[in-house]
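To start, the structure itself, in structure tokens.
The values are calculated or read from the model by the stated rules, or taken from the named source; none is laboratory data. Keep in mind that this is a model prediction, so the values were computed, not measured. Neighbour counts are summed over all protein chains in view; Cβ atoms, including those assigned to glycine, are modelled from backbone coordinates with ideal geometry. SASA here: full protein model, heavy atoms, side chains in, ligands and nucleic acids out. Shrake-Rupley method; radii C 1.70, N 1.55, O 1.52, S 1.80 Å.
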Amino acid sequence: YADTGNLSIQSQWLREDLAKIDRKKTPWVIGMWHTPWYTSNHHHPMSEGATMRAGMEVMMMEAKVDLVFNGHVHAYERTKPVYQLEVNEQQGIPYITIGDGGNREGFATPWNDPQPEWSALRQDAYGYGTLDVTPQTASWTWTRIHDSWNPNPAGVGDSATYSVRKN
């Protein structure tokens, strides 16, 4: 919730940090921050992260960030590669909101209807994720937990495989 505009200290730091990345040594660039830029959850609308997205999305795309993880929304959602509100397989970044570790308030509901094209999967369920990374691929698995809050069966709830971006 700090200033993230183009001239802000945070943007300046991020720009300088991204410029230092040597993709021969660091093939994967994965971003993590609290509030998602892309969410189809009505309880936590996209407006909560809109200022940060407006100030930093181009920078993230230019740095060829491979994947982004967020929390904040107490539910699970994975996007298709997205850039500036559109599915974009060439320049887009997949975003995974994994705020489904639980809280005393329950899930963030409801979801917006209709589901946006960029939203690949969204669920109200507790779970956890694993990311297995090699120099060429990253395999994401989200495991859903069965409990009294979740009528869905336990087990793999979602999976995706990503290829490292070419420079």
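General observations
- Residue match in region 69-86 (condition: open to solvent by 30 Å² or more (accessible area, probe 1.4 Å), without any contact (Cβ under 8 Å) to a residue 60 or more places away in the chain and over 16 Å from the mean Cα position of the chain (by Cα)): no
- Only residues that are open to solvent by less than 50 Å² (accessible area, probe 1.4 Å) and of a type in the set (D, E, K, R) were counted in region 18-34, giving 1.
- Selection of first residues in region 3-17 that are β-branched (V, I, T) and of second residues that are surrounded by 11 or more Cβ atoms within 10 Å (Cβ to Cβ), restricted to Cβ pairs under 7 Å at least 6 apart or on distinct chains, gives the following pairs, ordered by first then second residue: T4/Q10; T4/S11; T4/T51; T4/M52; T4/G55; T4/M56.
For every residue, the table says whether it meets (1) in contact (Cβ under 8 Å) with a residue 60 or more places away in the chain; (2) open to solvent by 50 Å² or more (accessible area, probe 1.4 Å); (3) not in a strand (DSSP E or B).
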position	(1), (2), (3)
Q90	no, yes, yes
I96	no, no, no
G106	no, no, yes
T109	yes, yes, yes
A125	no, no, yes
Y128	no, yes, no
T141	no, no, no
Y162	yes, no, no
K166	no, yes, yes
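- Qualifying residue in region 37-51 (condition: closer than 15 Å to L67 by Cα and surrounded by fewer than 17 Cβ atoms within 10 Å (Cβ to Cβ)): no
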